[in-house]
Amino acid sequence: MDSALVILIVVAIALAVIVLGPLRQGQQREERWGALAEALGLQLQSGGLQGELQGLSVRMGMEMHTVGGEGLIQFCVVRAKAPGPLPRGFVAAPRRWTSGLSRRLADNLFASGDPALDEMYLFQSDEQDKGQAFVEDAQVQQALRGVLGSGQVAFVEKGWVGIASVGLITETEEARRKFEAVVRSAQSLADSQERRSLAQPRATEE
């Protein structure tokens, strides 16, 4: 057989594996997540789960994130939307996903005062004083600790609370636990911000 033909066949097979492999994985994920959607009362849309749990918007999907020293890694990310506004631009970014350069360029970082949380998160806010006061609140710190777990990455961004873990979530109880964790945390963060907002006018009057 002509060596050029052999090379073409090998290349064609390699391309087929490269293209069809992810497609097959996507089909298998949708099959498994279809069962999760039914069990949790969510919808399977755009390759992920979406819907409401306990009155909060939630979603789960696969995302690629850069981890320092390890490159791009695929995570299964579960999110819940806080039911009220948090401090403007408030972010609790996982240090694992934040490069040293990004940290040096940021000019609005602040600490929580809790060494365990500061080890896990980089805190930012468009209004730094309000963001720092928010993250120093005991209820906020408890909410942030509530989404931390072994082998997981937690974060708060654009009003969404998230948990990311390596590997596809296919078990109903595991998915339920993670959804419940982000829902509790999102609700607690919103409650704390509302409580602080209501207290500020009284403090001003006094």
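General remarks:
- Test: residue in the range 192-206 that is outside any helix (DSSP H, G or I) and at pLDDT 90 or above: no
A quick yes/no check of all residues on (1) buried (at least 22 other Cβ atoms within 10 Å of the Cβ); (2) out of contact with any Gly (no Cβ under 7 Å at 6 or more places or on another chain); (3) at pLDDT below 90; (4) more than 13 Å from Ala186 (Cβ to Cβ):
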| site | (1), (2), (3), (4) |
| --- | --- |
| Ala80 | yes, yes, no, no |
| Arg96 | no, no, yes, yes |
| Gly100 | no, yes, yes, yes |
| Val161 | yes, yes, no, no |
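- Within the set Val166, Val147, the sole residue that is surrounded by fewer than 17 Cβ atoms within 10 Å (Cβ to Cβ) and either in contact (Cβ under 8 Å) with a residue 40 or more places away in the chain or over 10 Å from Cys76 (Cα atoms) (or both) turns out to be Val166.
- Pick from the range 104-157, criterion among the charged types (D, E, K, R) and assigned to a helix (DSSP H, G or I), ranking: modelled with the lowest pLDDT: Arg104
- Output for the range 77-100, where each listed residue is assigned to a loop (DSSP other than H, G, I, E, B) and more than 30 Å from Ser197 (Cα to Cα): Thr98, Ser99
- Looking across the range 110-133, the residues that are within 20 Å of the chain's Cα centre (by Cα) and buried (at least 18 other Cβ atoms within 10 Å of the Cβ) come down to Ser112, Leu117, Met120, Tyr121, Leu122, Phe123, Gln124, Ser125, Gly131.
- For the range 171-197, a residue qualifies if it is within 15 Å of Leu42 (Cα to Cα), surrounded by fewer than 20 Cβ atoms within 10 Å (Cβ to Cβ) and of a type outside the set (D, E, K, R), and exactly one does: Thr172.
- Enumeration of residues in the range 27-76 that are small (Gly, Ala, Ser), assigned to a strand (DSSP E or B) and under 21 Å from Val166 (Cα atoms): Gly48, Gly61, Gly71
The values are calculated or read from the model by the stated rules, or taken from the named source; none is laboratory data. Predicted model only: the values in this text are computed from it and were never measured. A quick note on method: Cβ atoms are made from the backbone with ideal geometry, for glycine too, and the neighbour counts reach across all protein chains shown.
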